[in-house]
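Following: one structure in structure tokens, then a few remarks.
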Amino acid sequence: RADDLIAGLLLLARSEAPSAVDPTAARTVDLADLVVPALAAMRAEATRRGLRVREQRAPAPTVGDPVLLERVAGNLVENAVRHNVPAGWVEIRTGVRGASAELYVSSGGPEIAPERVEELFEPFRRGPVARTADTPGSGLGLSIVRAVVQAHGGTVVAEPVAGGGLTVVVRLPAPGGALRDRAEHPDSR
């Protein structure tokens, strides 16, 4: 558990650094492809908990660090499975909306007050005890998601689901967008 915490802190520190995404090393990454290993890693736990998993994967290309972006998908899917209710549901979608690649992860779970949602993105914040008491983790997952997404010139928003659960939507620039602009104008962050 200590190793996981240290690894999470190092990833958070790396992704919050101004040079987290080197524009010269960035490459095209399809968010739809990143969902596959994220789901595979959590499939056994989702099955054991009786979760219904629905996915709609359409191409969602962006440009960036594939390892960091894979962690975004992994953290979101892991949270959707682990912070769910028995026999709950998870919905994952990818696609392009406007000039953005989008990753949408929604799940059932305990209710979260709308005014508490933003706190979930702060390091070591795990949400209400009803949502996290029996769930392993350090409270870094959404902090890492936010830091990586921002380092890639994107946005992440979360909203509580009526009746319980959380929806998180990540939007990243389509190829040729923000990373190229930041390389040309580094102070634009």
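The values are calculated or read from the model by the stated rules, or taken from the named source; none is laboratory data. Since the model is a prediction, treat every value here as computed from it, not as a measurement. Note that we place each Cβ from the backbone using ideal geometry, even for glycine, and neighbour counts take in every protein chain shown. Note: areas computed on protein heavy atoms with side chains; ligands, DNA, RNA excluded. Shrake-Rupley method; radii C 1.70, N 1.55, O 1.52, S 1.80 Å.
A few remarks follow.
- Normalised per residue, the accessible area of segment 36-128 is 48 Å², obtained with a 1.4 Å probe and no contribution from ligands, DNA or RNA.
- Net charge of Cβ neighbours under 15 Å - reference Val96; Lys, Arg +1; Asp, Glu -1: +1
- Annotation: amide H-H contacts under 5 Å for Val53 (H modelled 1.01 Å from N, sequence separation of 5 or more, or interchain): Val90.
- For Ala101, the amide hydrogen comes within under 5 Å of the amide hydrogens of Leu172, Ala174, counting only partners 5 or more places away or on other chains and with H modelled in the peptide plane.
- Across segment 154-161, computed HN-Hα scalar couplings (Karplus, 6.51 cos²θ - 1.76 cosθ + 1.60, θ = phi - 60°) run x, 10, 9, 10, 9, 9, x, 8 Hz from first to last residue, x flagging Gly and Pro.
- Packing around the peptides 147-154, 74-81, 37-44, 163-170, taken as the average count of other Cβ atoms within 10 Å per residue, puts them in this order, highest first: 74-81, 147-154, 163-170, 37-44.
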